[in-house]
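These notes are about the structure you will find just below.
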Amino acid sequence: MRMMLAAALAATTLAALPAHAQTIVAHPWVRATSAPQQPAGGYLTITSARGGKLVEVSSPAGMTEMHEMAMDGSVMRMRQVSAIELPAGKPVELKPGGLHLMLMGLKAPLKAGETVAFTLVVEGRDGKRETLLVKAPVKPAGVTP
């Protein structure tokens, strides 16, 4: 009887604990654009507690893709990637000149002080998906926070 009571108490205690996000996003920002410049880069640091990969990204501001910059011989090239690996507990920085989010076909230029919303989908090692809503401030061109 005591074991059943202890098990019931443990289950009640666990159910009362708040659900913790498996993935944390820190320091999101987007670079401002000028009228002739259509694409914009989005940057952030993402940490998955159990590991997984960033598999989808979207924004109402425009078409959004995951990209990486890499040297191809002596030329820096940008290419789209289908996912970004998130090693367990290790922050992955999306930054200028490396992995980043790319906003294209913007509906309007992005001005410093505005905010851009992103929806990120992270797939855990167990195949379960987690959706994160991120609001990124727009920083002036030429600024790298």
Provide a single number: the residues in the stretch 37-68 that are among the charged types (D, E, K, R) and either touching a Phe, Trp or Tyr at 6+ places or on another chain (Cβ under 9 Å) or outside any strand (DSSP E or B) (or both).
1
Exactly one of these conditions fails for A108: (1) at pLDDT 90 or above; (2) over 22 Å from R50 (Cα atoms); (3) hydrophobic (A, V, I, L, M, F, W, C). Give me its number.
(1)
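Check A83, A49, A61, A40 and return the single one that is on the phi < 0 side of the Ramachandran plot, out of contact with any strand residue (DSSP E or B) (no Cβ under 6 Å at 6 or more places or on another chain) and of a type in the set (G, A, S). Full working, then the answer.
Numbers: A83 fails: out of contact with any strand residue (DSSP E or B) (no Cβ under 6 Å at 6 or more places or on another chain); A61 fails: out of contact with any strand residue (DSSP E or B) (no Cβ under 6 Å at 6 or more places or on another chain); A40 fails: out of contact with any strand residue (DSSP E or B) (no Cβ under 6 Å at 6 or more places or on another chain).
Exactly one of A83, A49, A61, A40 is on the phi < 0 side of the Ramachandran plot, out of contact with any strand residue (DSSP E or B) (no Cβ under 6 Å at 6 or more places or on another chain) and of a type in the set (G, A, S), namely A49.
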Output for the stretch 37-47, where each listed residue is closer than 22 Å to G124 by Cβ and either surrounded by fewer than 20 Cβ atoms within 10 Å (Cβ to Cβ) or at pLDDT below 95 (or both)
T45, T47
Residue within the stretch 72-92 that is buried (at least 16 other Cβ atoms within 10 Å of the Cβ), basic (K, R) and under 13 Å from T23 (Cβ atoms) present
no
Can you tell me which residue within the stretch 100-138, out of those that are among the basic types (K, R) and assigned to a strand (DSSP E or B), is surrounded by the most Cβ atoms within 10 Å (Cβ to Cβ)?
R129
Any chance S34 is of a type in the set (S, T, Y), surrounded by 13 or more Cβ atoms within 10 Å (Cβ to Cβ) and either in contact with a strand residue (DSSP E or B) (Cβ under 9 Å, 6 or more places away or on another chain) or part of a loop (DSSP other than H, G, I, E, B) (or both)
no
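Quick one: which residue in K107, K139, K111, K128 is more than 19 Å from R31 (Cα to Cα) and of a type in the set (K, R)? Lay out the reasoning, then the answer.
On the way: K107 fails: more than 19 Å from R31 (Cα to Cα); K139 fails: more than 19 Å from R31 (Cα to Cα); K111 fails: more than 19 Å from R31 (Cα to Cα).
Of K107, K139, K111, K128, the one residue that is more than 19 Å from R31 (Cα to Cα) and of a type in the set (K, R) is K128.
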What number goes with the only condition from (1) of a type in the set (D, E); (2) over 10 Å from the mean Cα position of the chain (by Cα); (3) outside any loop (DSSP other than H, G, I, E, B) that E93 does not pass?
(2)
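The values are calculated or read from the model by the stated rules, or taken from the named source; none is laboratory data. Computed from a predicted structure; not experimentally measured. Note that each Cβ is placed from the backbone with ideal geometry, even for glycine, and that neighbours are counted across all protein chains shown.
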